[in-house]
Each structure stands twice: as structure tokens, then as C-alpha cells.
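Asker: Let me begin by handing over the structure; questions about it come next.
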Amino acid sequence: MKSLLAILVVLSGLVARAEAEVRTWKDRTGSYSIQAEFVGVEDGKVKLKRAGGELAVVPLDKLSDADR
């Protein structure tokens, strides 16, 4: 029974990590922001997914220092 409980605890932690965090991303100037979850980085561009499912691609060097 303890091993089953341990497995469930580990699995719940993995599921929680798999859920992406929606947060506010800002550009270097601070004048533009987007509520989105991080998808990945490819070819110097950050992929962000908005709540509606729309994908935004932002050059890495355009993001604020904190978001890079």
C-alpha cells in the first residue's frame, strides 16, 4: 500500500510540472505584454501560447531581461 501511495505522489508531481504556467511576459521596453504559457525556444525565438490557443513567436532579444 505504501508503494502505491508513493507512486501516486510521484505521478501527481509529474502531472503538475507538465501543466504550463500562464503568466505575463514583457518586452524590453515594458510597453508590450502578453498573458501566455511558455512552449519552447527555437532559432532564437520564444514560442508562447495564449489562453485561446494562439501561438505567439517573439525574438528572444526583444523580451525583458527578467523574461529571458
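The values are calculated or read from the model by the stated rules, or taken from the named source; none is laboratory data. Treat the numbers as computed from the prediction; the structure is a model and nothing was measured. Cβ coordinates were reconstructed from backbone atoms using ideal geometry, including for glycine residues, and neighbour counts include every protein chain displayed.
Asker: Only strands (runs of 3 or more DSSP E) wholly contained in the chain count here; list those with 1 or more residues that are touching a Pro at 6+ places or on another chain (Cβ under 7 Å) and either of a type in the set (V, I, T) or at pLDDT 60 or above (or both).
Answerer: Fully inside the chain and qualifying: 45-50.
Asker: Among the residues of region 29-49, count how many are farther than 12 Å from D67 by Cα and in contact with a helix residue (DSSP H, G or I) (Cβ under 6 Å, 6 or more places away or on another chain).
Answerer: The total comes to 1.
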